[in-house]
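Here the structure is laid out as structure tokens; the discussion comes afterwards.
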Amino acid sequence: MHDNLQSVAVQDETDALRADIYRLLARLLLAPPDADLLDFLAHLEPDEEDDEMADGWRGLAQAARATSPEAATHAHFELLVGVIQGEITPYASWYLHGTLMDEPLVALRRDLRRLGIARAEESREPEDHLGALCEAMALLVERDDPAQLPFFESHLAPWAPRCLAELAAASPGLYAETGRLGLRFLERERHHLRIHNHNN
């Protein structure tokens, strides 16, 4: 019984961390970090036993220490927003169909309705923005929803790694490090979700 409880506690801690990482990625992708968030990131101390993610956390912390809120705002605008669009267009429809507000968004909205997830009223972004999809995954993780794997496979796996790789290849700085961390995390998620699904 004790072993079972310990296993559940470890799983709960793992899921809490997964949800937190999804929310952090969402926060950085949807809006530039303010001074408080940059300070938090600058003082991150990675788990040195976690080789897979430790380098990503160190890179993000180092970039945060070298970034001002003004520089982060400029980088976010240039890379992810732009006057018409940024250097990177972080929407599923764009990566999968080459246009905005296309079939991937329709399919996503159908799945979100089925899962009982609604877009926040104050949100200005379509639901297929990578940041919004990270928020949706955080919700699914937090409620231990069995839809995590099919949602990930349908709405993130086909395009999000390409988007994050382009972000990682951007000018060195906070957003390049965000891309690198996101790539490592999504690769881990792919394995985690498939193994978890197989074991259940």
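The values are calculated or read from the model by the stated rules, or taken from the named source; none is laboratory data. For clarity, every value in this text was computed on a predicted model and none was experimentally measured. We place every Cβ from the backbone using ideal geometry, glycine too, and count neighbours over all the protein chains shown. The area values use the complete protein model at the heavy-atom level, side chains included, leaving out ligands, DNA and RNA. Shrake-Rupley method; radii C 1.70, N 1.55, O 1.52, S 1.80 Å.
Observations on the model:
- Residue in the stretch 121-138 that is of a type in the set (D, E, K, R) and either closer than 21 Å to S171 by Cβ or in contact with a His (Cβ under 7 Å, 6 or more places away or on another chain) (or both) present: no
- Scanning the stretch 139-170 for residues that are assigned to a loop (DSSP other than H, G, I, E, B) and among the hydrophobic types (A, V, I, L, M, F, W, C) turns up A147, L156, A157, W159, A169, A170.
- Selection status of T67, of a type outside the set (D, E, K, R) and crowded, with 20+ Cβ neighbours inside 10 Å: yes
- Here R58, R65, R23 are screened, and the one residue that is touching a residue at least 40 places away in the same chain (Cβ under 8 Å) and among the charged types (D, E, K, R) is R23.
- Scanning the stretch 14-31 for residues that are open to solvent by 40 Å² or more (accessible area, probe 1.4 Å), under 19 Å from A168 (Cα atoms) and out of contact with any Gly (no Cβ under 6 Å at 6 or more places or on another chain) yields R23, R27.
- Picking from residues in the stretch 131-147 that are within 15 Å of I21 (Cα to Cα) and not small (G, A, S), the one that is most open to solvent (accessible area, probe 1.4 Å) is E142.
- Filter result (touching a Ser or Thr at 6+ places or on another chain (Cβ under 8 Å) and of a type in the set (S, T, Y)) within the stretch 96-145: T99
- Taking the conditions (1) part of a loop (DSSP other than H, G, I, E, B); (2) in contact with a Leu (Cβ under 8 Å, 6 or more places away or on another chain); (3) closer than 19 Å to L80 by Cα; (4) open to solvent by 70 Å² or more (accessible area, probe 1.4 Å) in turn, P126 satisfies each one other than (4).
- Looking only at residues in the stretch 153-162 that are over 11 Å from the mean Cα position of the chain (by Cα) and surrounded by 20 or more Cβ atoms within 10 Å (Cβ to Cβ), the one that is farthest from L193 (Cα to Cα) is W159.
- Selection within the stretch 73-98 - open to solvent by 60 Å² or more (accessible area, probe 1.4 Å) and farther than 22 Å from L37 by Cα: V83, I84, Q85, E87, W94, L96, H97
- Filtering the stretch 32-70 to residues that are hydroxyl-bearing (S, T, Y) and touching a Gly at 6+ places or on another chain (Cβ under 8 Å) leaves only T67.
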